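Engineer: My questions all concern the structure below.
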Amino acid sequence: MSTQSTPLSAAKQALLAQRLQGRAKRSRPTIPRRPPGTAIPLSFSQQRLWFLYQFEPDNPFYNVPFALHLQGKLDVAALTQTLQTLVQRHEILRTTFANTDAEGGGQPQQIIHPEAEIVLRQIDLSVLGDRLWAEVEQLAHAEAQQIFDLRQGP
């Protein structure tokens with residue numbers, strides 16, 4: 001009986017690496033989901049936002065506006081579905097803050113909503129001609145000034 005091993009071919013080495021990588025992915029720990037209705041205290045950053053929000057609740061200071069100019073035909077349904085998937089995957093995008101009763105010790109808590117629907121507003125500006133970019137800038141500015149409401153969410 002020989003104790004020497006035969007070297008693996010390049011194809012077998014690639015297959016072994018792929019299988020080992022797949023095994024490593026399966027064994028990674030995951031963050032468990034919280035049960036619905038669980039009181040969750042604010043993080044330090046969230047506490048800072050909440051504190052400042054108490055002084056000026058109707059402000060757009062926390063908005064991070066940006067513009068994106070796309071050329072070509074936009075698949076609105078695909079964009080909407082993509083954004084909806086992101087919101088469903090990331091709890092923070094469905095989270096609002098609220099002062100609680102005795103359960104939270106009277107401290108602000110995170111309220112994670114089970115669902116949040118993404119609705120994209122569409123405005124047809126094709127008839128504006130030369131006034132198009134002026135209207136785009138005005139709409140973008142108005143959108144950036146929307147109130148950032150920590151109690152209600154978007």
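The values are calculated or read from the model by the stated rules, or taken from the named source; none is laboratory data. Note that this is a predicted model, so its numbers are computed, not measured. Every residue, glycine among them, receives a Cβ derived from its backbone with ideal geometry; neighbour counts consider all protein chains shown. Ligands, DNA and RNA are stripped out before the accessible areas are found, and what is left, the full protein with its side chains, is counted by its heavy atoms. Shrake-Rupley method; radii C 1.70, N 1.55, O 1.52, S 1.80 Å.
Engineer: Rounded to the nearest 0.05, what FRET efficiency do Leu132 and Leu52 have when you use their Cβ-Cβ distance and R0 = 41 Å?
Structural biologist: With R0 = 41 Å, the Cβ-Cβ based efficiency is 0.65.
Engineer: For n ≥ 4 DSSP H runs only, could you compute -39500 (n - 2.57) per run for the chain, divide by its residues and tell me the 222 nm figure to the nearest 500? Please report the intermediate quantities before stating the final value.
Structural biologist: Values: 4 runs with 56 residues, N = 154.
One gets -11500 deg cm²/dmol as the mean residue ellipticity at 222 nm.
Engineer: P(r) for the chain, please, calculated from all Cα pair distances in 10 Å bins and given in %.
Structural biologist: Spelled out per bin, shortest first, that is 8, 22, 24, 18, 13, 9, 4, 2, 0.
Engineer: Cβ under 15 Å from Arg94's Cβ, Arg94 left aside: what net charge do those residues give with Lys, Arg +1 and Asp, Glu -1? Could you put the intermediate results ahead of the total?
Structural biologist: Values: positive: Arg33, Arg34, Arg89, Arg151; negative: Glu91, Glu115, Glu117, Asp149.
In short, 0.
Engineer: Which angle between 0 and 90 degrees, to the nearest 10, do you get for helix 44-55 versus the longest principal axis of the chain when only C-alpha atoms count?
Structural biologist: Compared with the principal axis, the helix lies near 10 degrees.
Engineer: Could you work out what % of the accessible surface of the stretch 66-154 is carbon and sulfur, using a 1.4 angstrom probe and leaving DNA, RNA and ligands out of the count? All intermediate terms of the calculation are to be shown ahead of the outcome.
Structural biologist: On the way: 3960 of 7180 Å².
The value for the stretch 66-154 is 55 percent carbon and sulfur by accessible area.
Engineer: Continuing with the same structure: So, by mean Cβ neighbours within 10 angstrom, what's the order for 84-95, 131-142 with the highest one leading? Intermediate results must be reported in sequence, preceding the final value.
Structural biologist: Details: 84-95: 13.5, 131-142: 11.4.
Per-residue Cβ counts within 10 Å, averaged per peptide and sorted highest first, yield 84-95, 131-142.
Engineer: Peptides 63-70, 107-114: what's the order by average Cβ count within 10 Å, highest mean first?
Structural biologist: Details: 63-70: 7.8, 107-114: 16.4.
Going by the mean number of other Cβ atoms within 10 Å, highest first, we get 107-114, 63-70.
Engineer: Mind checking the angle between helix 10-26 and the chain's longest principal axis? C-alpha axes, 0 to 90 degrees, to the nearest 10.
Structural biologist: Taking the Cα atoms of the chain, the angle to 10-26 is about 50 degrees.
Engineer: Right, something else. Please list the equivalent ellipsoid semi-axes of the stretch 89-154, computed as the square roots of five times the alpha-carbon gyration tensor eigenvalues, in descending order and whole angstrom.
Structural biologist: Working: eigenvalues 285, 37, 9 Å².
So the three semi-axes of the stretch 89-154 are 38, 14, 7 Å.
Engineer: Near Gln81, within a Cβ-to-Cβ distance under 14 Å, what is the net charge of the other residues, with Lys and Arg +1 and Asp and Glu -1? The partial results should precede the final answer.
Structural biologist: On the way: positive: Arg89; negative: Asp75, Glu117.
For residues surrounding Gln81, the net value is -1.
Engineer: Skip the ligands, DNA and RNA, and give the accessible area per residue of the stretch 34-154 with a 1.4 Å probe, whole Å². Intermediate values should be presented prior to the final figure.
Structural biologist: Values: 9590 Å² over 121 residues.
Per residue, the stretch 34-154 has 79 Å² of solvent-accessible surface.
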